[in-house]
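Please read the structure below before turning to the comments.
The values are calculated or read from the model by the stated rules, or taken from the named source; none is laboratory data. Bear in mind that the values here come from a model prediction, so they are computed numbers and not experimental data. Cβ placement follows ideal geometry from the backbone for every residue including glycine, while neighbour counts extend to all protein chains displayed.
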Amino acid sequence: MPAAPAFRQPPSPADRLIGEAQAALATLFARPHPARPNPGAHAAPAPLGDAERRHAAGLMRINHTGEVCAQALYLGQAAVARDEATRRHLLDAAQEETDHLAWCADRLDELDSRPSLFNPVWYAGSFAIGLAAGWRGDGWNLGFVVETERQVEAHLAEHLEALPPADARSRAILEAMKADEARHADHATEAGARPLPPPIPQAMALTSKLMKTVAYRL
């Protein structure tokens, strides 16, 4: 007589809490392992003056912090997503954001700099926002993805203009990130994202401006 199929028990609340804590610690303190090669690795290195190096490092620190926030946001949204396809979409996007996180960390090392000291604060706030978005339903969940990615895409375009002209390595990284963010937004729109009401994008933009101001220096 064949054995009865084994059914996997859904994770308990304690298991979920432990998993989220492990993800937070890995994002904030472990060195991420990208699935794709660093797009800046083959760009020719160029000497930068001290002021140019500090400016490039400030911009890449902002982008590193943005990827920390993206990890937290998407993992928070995935934790409460009601539809498995939506949850899978969020986790797939988070995986690509892990690549971005690793690329930015590599470039900060090359620029003799470090991530933002406030990354744990940004992570906690973004995770809470992700949970709130997810609880409103999957249409809102995906709408948050679209708005987040569009705003990130816009600030990456600004950074590409602001980078020192000789910094080809940072430029290659940001161009690859920008293409990924646009694709994430397009996929979320196709999956049924709902447009967010006007106050929410404005609040997101203000929060992002505060983060960028602080992360550039600290």
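Some points to look at:
- Within region 137-156, the presence of at least one residue that is surrounded by fewer than 16 Cβ atoms within 10 Å (Cβ to Cβ), among the hydrophobic types (A, V, I, L, M, F, W, C) and farther than 21 Å from residue 44 by Cα is confirmed.
- Pairing residues of region 39-65 that are at pLDDT below 90 with residues that are surrounded by 18 or more Cβ atoms within 10 Å (Cβ to Cβ) and part of a helix (DSSP H, G or I), at Cβ distances under 7 Å and at least 6 apart in sequence or on separate chains, gives 43/169; 43/172; 45/169.
- Residue match in region 196-215 (condition: surrounded by fewer than 16 Cβ atoms within 10 Å (Cβ to Cβ) and under 20 Å from residue 96 (Cβ atoms)): no
- Identification of helices (runs of 4 or more DSSP H) wholly contained in region 110-218 with 1 or more residues that are without any contact (Cβ under 8 Å) to a residue 40 or more places away in the chain and touching a Leu at 6+ places or on another chain (Cβ under 9 Å) yields 138-162, 168-190.
- Of the criteria (1) at pLDDT below 90; (2) within 16 Å of residue 208 (Cα to Cα), which one residue 83 fails: (2)
- Considering region 86-108, the residues that are under 15 Å from residue 178 (Cβ atoms) and within 8 Å of the chain's Cα centre (by Cα) include one that is modelled with the highest pLDDT, namely 100.
- Candidate set: region 27-38, residues that are of a type outside the set (D, E, K, R) and either over 20 Å from residue 93 (Cα atoms) or not in a helix (DSSP H, G or I) (or both); chosen: the one modelled with the lowest pLDDT: 29
- Subset of region 68-92 (residues that are crowded, with 24+ Cβ neighbours inside 10 Å and farther than 16 Å from residue 131 by Cα): none
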